[in-house]
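*Asks:* Have a look at this one.
The values are calculated or read from the model by the stated rules, or taken from the named source; none is laboratory data. What you are looking at is a predicted structure, and each value in this text was computed from that prediction instead of being measured. Cβ placement follows ideal geometry from the backbone for every residue including glycine, while neighbour counts extend to all protein chains displayed. The protein model used for the area step is the full one, side chains on, heavy atoms only, and it has no ligands, DNA or RNA in it. Shrake-Rupley method; radii C 1.70, N 1.55, O 1.52, S 1.80 Å.
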Amino acid sequence: MSTPVRAALSLADVRAAAARIQGAVLHTPTMEMPALSRATGATVYLKLDNLQATGAFKERGAANRIALLTERERKAGVVAMSAGNHAQAVARHATLAGIRSVIVMPKFTPATKVVRTENFGAHVVLHGETLAEAAAHAHELALKEGLTFIHPYDDPAVIAGQGTLALELLDDAPEVDMLVLPTGGGGLVSGCAVAAAELRPQVKVFGVEVEGYPAMAQRLAGQPVQVGGPTIAEGIAVRDVGQLPTDLLRQLGVEVLVVPERAVEQAIALLAEGAKVVSEGAGAAGVAALLAFPERFRGHRVGTPVCGGNIDPRILANVLLRNLLRDGRILRLHLDIPDRPGVLADIATRVAAAGGNVIEVSHQRLFAAPSVQTAELELMIEVRDHAQSDAIIAALQAGDYVVRRG
């Protein structure tokens with residue numbers, strides 16, 4: 001049973017894909033990141049695939065699959081279903097090859113993603129309320145117009161293309177003894193696992209899923225797939241994982257770790273602050289695993305990709321602020337204060353004397369205050385750490401102010 005699955009994909013296929021996509025896909029840098037190493041206890045090497053032209057690793061698989069099209073298939077064109085990075089990857093590489101591309105996206109797809117995909121040369125069709133409905137329509141178009149459907153992960157050529165990431169990483173950082181790879185449909189982790197198994201069999205490979213969408217972990221454990229809910233890691237929020245990736249991971253003994261949502265947010269913030277790298281939620285899942293399971297990786301030399309950097313700026317800002325609050329570097333206080341001249345000045349002076357920096361003030365007289373002679377004050381204060389927060393609160397309490405943390 002195992003031999004046919006392995007025969008479906010080999011290191012030779014991944015090497016052939018690397019030769020095929022050379023020049024069309026960027027060989028992204030792999031860099032040791034001391035800030036991440038200090039935070040996790042492992043020696044961390046980041047593979048920066050967020051630097052690809054579309055901002056994500058998906059170009060590897062799309063470029064390889066398109067390069068393998070027959071002349072008849074090239075003339076007819078290709079179709080794909082995606083609301084994210086796969087759409088832009090297929091659009092870009094089809095356009096580079098002079099091939100028509102049609103991308104079916106659900107109607108709820110944000111306008112920015114539609115525009116980006118169109119800018120890479122695709123004809124975008126908005127259809128359906130769900131990804132499943134969009135996929136069904138893409139298959140209908142393939143049959144009707146003779147287009148070749150390019151699956152985002154359950155395709156040997158796509159998987160081989162994604163596996164080129166591991167070839168580059170292990171070549172650039174040969175000391176790595178573990179690979180940690182975000183896992184959605186399974187194309188990236190299975191392609192990299194195949195490459196590592198033959199190229200460097202001593203390297204242990206892990207997949208990573210977010211807690212609301214542990215579909216691959218459930219499949220590998222023989223459990224029914226139960227997923228759902230909001231997640232910042234929407235790029236790996238998959239219900240239907242690929243059959244070929246599942247078979248490969250099972251045969252290769254790849255363990256899939258499931259990380260909490262909070263760890264993904266912490267990973268995004270750590271990458272931005274510590275490594276100066278912008279990552280989307282799915283792209284930070286590997287670092288999230290290092291934070292969530294430090295005992296698994298401490299003392300090891302771990303390679304993990306930032307496999308996508310397409311994050312909404314507003315979401316990134318919210319994640320960074322939430323992380324500052326968790327780390328105690330933003331202090332939120334509520335005070336009931338006398339409604340008389342000089343009180344705000346006194347409070348500001350006490351905060352400043354303790355080294356805090358007031359970044360936001362909300363002063364409410366009419367609705368929230370318990371008395372007409374009082375007002376409610378809400379402060380957001382930038383601080384160094386929890387100790388400075390305690391010093392600011394003590395300084396305010398010394399002025400007989402009643403202080404509540406937000």
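*Asks:* When only residues in the stretch 232-270 that are surrounded by fewer than 19 Cβ atoms within 10 Å (Cβ to Cβ) and among the polar types (S, T, N, Q) count, which is farthest from Gly309 (Cα to Cα)?
*Replies:* We begin by selecting, within the stretch 232-270, every residue surrounded by fewer than 19 Cβ atoms within 10 Å (Cβ to Cβ); these are 234, 239-240, 243, 250-253, 255, 260-262.
With among the polar types (S, T, N, Q) added as a condition, the list becomes 243, 251.
Numbers: Gln243: 27, Gln251: 31 Å.
Among residues in the stretch 232-270 that are surrounded by fewer than 19 Cβ atoms within 10 Å (Cβ to Cβ) and among the polar types (S, T, N, Q), the one farthest from Gly309 (Cα to Cα) is Gln251.
*Asks:* Between Ala221, Ala215, Ala237, which is of a type in the set (A, V, I, L, M, F, W, C) and modelled with pLDDT under 95? Show your work before the answer.
*Replies:* On the way: Ala221 fails: modelled with pLDDT under 95; Ala215 fails: modelled with pLDDT under 95.
Checking each option against the conditions leaves just Ala237.
*Asks:* So, in the stretch 303-317, exactly how many residues are under 26 Å from Asp171 (Cβ atoms) and of a type in the set (Val, Ile, Thr)?
*Replies:* Within the stretch 303-317, residues that are under 26 Å from Asp171 (Cβ atoms) and of a type in the set (Val, Ile, Thr) number 2.
*Asks:* Out of contact with any Leu (no Cβ under 9 Å at 6 or more places or on another chain), open to solvent by less than 10 Å² (accessible area, probe 1.4 Å) and among the small types (Gly, Ala, Ser): is that true of Gly286 in this structure? Explain how you work it out, then say what you get.
*Replies:* On the way: out of contact with any Leu (no Cβ under 9 Å at 6 or more places or on another chain): no; open to solvent by less than 10 Å² (accessible area, probe 1.4 Å): yes; among the small types (Gly, Ala, Ser): yes.
Answer is no for this residue.
*Asks:* Give Arg6, Arg15 a once-over and let me know the one that is of a type outside the set (A, V, I, L, M, F, W, C), surrounded by 15 or more Cβ atoms within 10 Å (Cβ to Cβ), in contact with a helix residue (DSSP H, G or I) (Cβ under 9 Å, 6 or more places away or on another chain) and at pLDDT below 95. Steps first, answer last, please.
*Replies:* Numbers: Arg15 fails: at pLDDT below 95.
On inspection, the qualifying residue turns out to be Arg6.
*Asks:* Here is a follow-up. So which of Val306, Val343, Val302, Val319 is β-branched (Val, Ile, Thr), over 38 Å from the mean Cα position of the chain (by Cα) and more than 16 Å from Met380 (Cα to Cα)?
*Replies:* Numbers: Val306 fails: over 38 Å from the mean Cα position of the chain (by Cα); Val302 fails: over 38 Å from the mean Cα position of the chain (by Cα); Val319 fails: over 38 Å from the mean Cα position of the chain (by Cα).
Answer to the check: Val343.
*Asks:* Then there's this: Identify, from the list Gln162, Gln218, the residue that is open to solvent by 10 Å² or more (accessible area, probe 1.4 Å), among the polar types (S, T, N, Q) and either over 25 Å from Met31 (Cβ atoms) or touching a Cys at 6+ places or on another chain (Cβ under 9 Å) (or both). Full working, then the answer.
*Replies:* Numbers: Gln162 fails: open to solvent by 10 Å² or more (accessible area, probe 1.4 Å).
One residue alone meets the criteria, Gln218.
*Asks:* Just one of Phe120, Phe108 is among the aromatic types (Phe, Trp, Tyr) and farther than 16 Å from Ala56 by Cβ; which is it? Explain how you work it out, then say what you get.
*Replies:* On the way: Phe120 fails: farther than 16 Å from Ala56 by Cβ.
Among Phe120, Phe108, only Phe108 is among the aromatic types (Phe, Trp, Tyr) and farther than 16 Å from Ala56 by Cβ.
*Asks:* Quick one: how many residues across the stretch 216-240 are farther than 23 Å from Ala83 by Cα and in contact with a helix residue (DSSP H, G or I) (Cβ under 9 Å, 6 or more places away or on another chain)? Spell out the reasoning first.
*Replies:* Initially, the stretch 216-240 is screened for residues farther than 23 Å from Ala83 by Cα, giving 217-224.
Cutting the leftovers down to in contact with a helix residue (DSSP H, G or I) (Cβ under 9 Å, 6 or more places away or on another chain) gives us 219-220, 223-224.
Of the residues in that region, 4 qualify.
*Asks:* Also, I was wondering about something else. Give me the strands (runs of 3 or more DSSP E) completely within the stretch 340-406, filtered to those with at least 1 residues that are at pLDDT below 95 and of a type in the set (Asp, Glu), ordered by residue number. Lay out the reasoning, then the answer.
*Replies:* Numbers: elements: 357-364, 374-382, 402-405.
Filter on the stretch 340-406 gives 357-364, 374-382.
*Asks:* Within the stretch 88-111, work out how many residues are at pLDDT below 95 and either part of a helix (DSSP H, G or I) or not polar (S, T, N, Q) (or both).
*Replies:* Filtering the stretch 88-111 down to residues at pLDDT below 95 leaves 105-111.
This time we only want the ones that are either part of a helix (DSSP H, G or I) or not polar (S, T, N, Q) (or both), so: 105-108, 110-111.
Adding up the residues that qualify gives 6.
*Asks:* I want to confirm something. Restricting to the stretch 322-339 and keeping residues that are free of Cβ contacts under 8 Å to residues at least 60 places away in the same chain and either assigned to a helix (DSSP H, G or I) or over 32 Å from the mean Cα position of the chain (by Cα) (or both), which single residue is nearest to Ile393 (Cα to Cα)? Show your work before the answer.
*Replies:* Step one: list which residues in the stretch 322-339 are free of Cβ contacts under 8 Å to residues at least 60 places away in the same chain, which gives 322-325, 327, 329-330, 338-339.
Then drop every residue that is not either assigned to a helix (DSSP H, G or I) or over 32 Å from the mean Cα position of the chain (by Cα) (or both), which leaves 322-325, 338-339.
Details: Arg322: 21, Asn323: 21, Leu324: 18, Leu325: 16, Pro338: 18, Asp339: 20 Å.
Checked the stretch 322-339; the qualifying residue nearest to Ile393 (Cα to Cα) is Leu325.
*Asks:* Moving on to the next point. Does Val114 satisfy being in contact with a strand residue (DSSP E or B) (Cβ under 6 Å, 6 or more places away or on another chain) and either assigned to a strand (DSSP E or B) or crowded, with 24+ Cβ neighbours inside 10 Å (or both)?
*Replies:* Numbers: in contact with a strand residue (DSSP E or B) (Cβ under 6 Å, 6 or more places away or on another chain): yes; either assigned to a strand (DSSP E or B) or crowded, with 24+ Cβ neighbours inside 10 Å (or both): no.
No, not satisfied.
*Asks:* Right, here's the next one. In the stretch 172-196, which residues are open to solvent by 10 Å² or more (accessible area, probe 1.4 Å), in contact (Cβ under 8 Å) with a residue 60 or more places away in the chain and over 27 Å from Gly212 (Cα atoms)?
*Replies:* Those that are open to solvent by 10 Å² or more (accessible area, probe 1.4 Å), in contact (Cβ under 8 Å) with a residue 60 or more places away in the chain and over 27 Å from Gly212 (Cα atoms): Asp172, Glu175, Asp177.
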